[in-house]
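The values are calculated or read from the model by the stated rules, or taken from the named source; none is laboratory data. Since the structure is predicted, the reported quantities are computational estimates derived from the model, not experimental observations. So basically every Cβ, Gly included, is an ideal-geometry build from the backbone, and we count neighbours across all protein chains shown. In case anyone asks, the SASA skips ligands and DNA or RNA and just uses the protein heavy atoms, side chains included. Shrake-Rupley method; radii C 1.70, N 1.55, O 1.52, S 1.80 Å.
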Amino acid sequence: PFRTPSRNLFAKVTAQLGVNSSLAVSHDYGHGDARDETGGRARGFYALSSAGTENPETINATRLAWTTAFASRFSNQLTLARVDDRRTCLPNSNFPAVSLTADESELVAGTQSFCLGLETGHTLWEVTDNFGVAVGNHRLTFGAHGERMDLVDDVLAFPGGVWFFGSLDSLERGEAAGYSRDLPTAADSQVAFRVNQVGVYVQDQWLPTPRLTLTAGLRLDVPF
């Protein structure tokens, strides 16, 4: 069985600041837990329940939007947002992995090398401002967008190792055909880095007739 229990909570508050101005603040919380009870099974591959994993993930997203109009033909919309996403992999067992080859098939038990309680995720900050001007049958938009992403990834080595057996008889005798283990080094810790991007754009929405709208724009994004 594959189970993915989840829950979600969304809240939003909108305030009318004036005749042509409004402020909206919202938050979305989500949590899910994808559980693999067996670690995967397919033709020629059979994993015991000790190779299963649990993968909880939590997402928090907050957004603020301020919209205003003034002087009959001007408008502005400012948006601020933050998204935080955290994922963890929890193994069903904490003993070294065992891989057994028998009858052209593989039997696996023990901790998966990719799942050691490590955390990965990212936090995204975003700001966008759109300034609009109505000129005759043209609707001009001048905008700027900036975002910053903080990424985190645990890359610890697999200290438990994997024992390899060539047959059921060798497993019963305790005679392994091989053993593999990752040795931790100074670099085996946590990878954390940032990505930034700034963009500017302009757009013209033209209504030559009441039944036809033509939109054209130009945008420049610079990541660093």
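Quick notes
- Odd one out for TRP66, checked against (1) over 19 Å from the mean Cα position of the chain (by Cα); (2) under 30 Å from ASP182 (Cα atoms); (3) not polar (S, T, N, Q): (2)
- Taking the listed residues LEU183, LEU140, the one that is in a strand (DSSP E or B), out of contact with any Ser or Thr (no Cβ under 6 Å at 6 or more places or on another chain) and either hydrophobic (A, V, I, L, M, F, W, C) or modelled with pLDDT of 90 or more (or both) is LEU140, with no other qualifying.
- Test result for LEU156, at pLDDT below 95 and open to solvent by 80 Å² or more (accessible area, probe 1.4 Å): yes
- Contact annotation: residue pairs with Cβ atoms under 6 Å, 6 or more positions apart or on different chains, pairing a residue in the stretch 9-28 that is in contact (Cβ under 8 Å) with a residue 12 or more places away in the chain with a partner that is among the acidic types (Asp, Glu), are PHE10/ASP28.
- Condition check for ALA216: open to solvent by 50 Å² or more (accessible area, probe 1.4 Å), touching an Asp or Glu at 6+ places or on another chain (Cβ under 8 Å), at pLDDT below 95 and not in a loop (DSSP other than H, G, I, E, B): no
- Summed over the stretch 99-112, the residues that are open to solvent by 40 Å² or more (accessible area, probe 1.4 Å) and either without any contact (Cβ under 8 Å) to a residue 60 or more places away in the chain or in a strand (DSSP E or B) (or both) give a count of 5.
- Test: residue in the stretch 35-43 that is exposed (fewer than 14 other Cβ atoms within 10 Å of the Cβ) and either among the β-branched types (Val, Ile, Thr) or more than 20 Å from LEU107 (Cα to Cα) (or both): no
- Residue count for the stretch 159-180, restricted to those that are modelled with pLDDT under 80 and open to solvent by 50 Å² or more (accessible area, probe 1.4 Å): 1
- Scanning the stretch 113-133 for residues that are free of Cβ contacts under 8 Å to residues at least 40 places away in the same chain and open to solvent by less than 60 Å² (accessible area, probe 1.4 Å), we see that the one that is farthest from the chain's Cα centre (by Cα) is GLY117.
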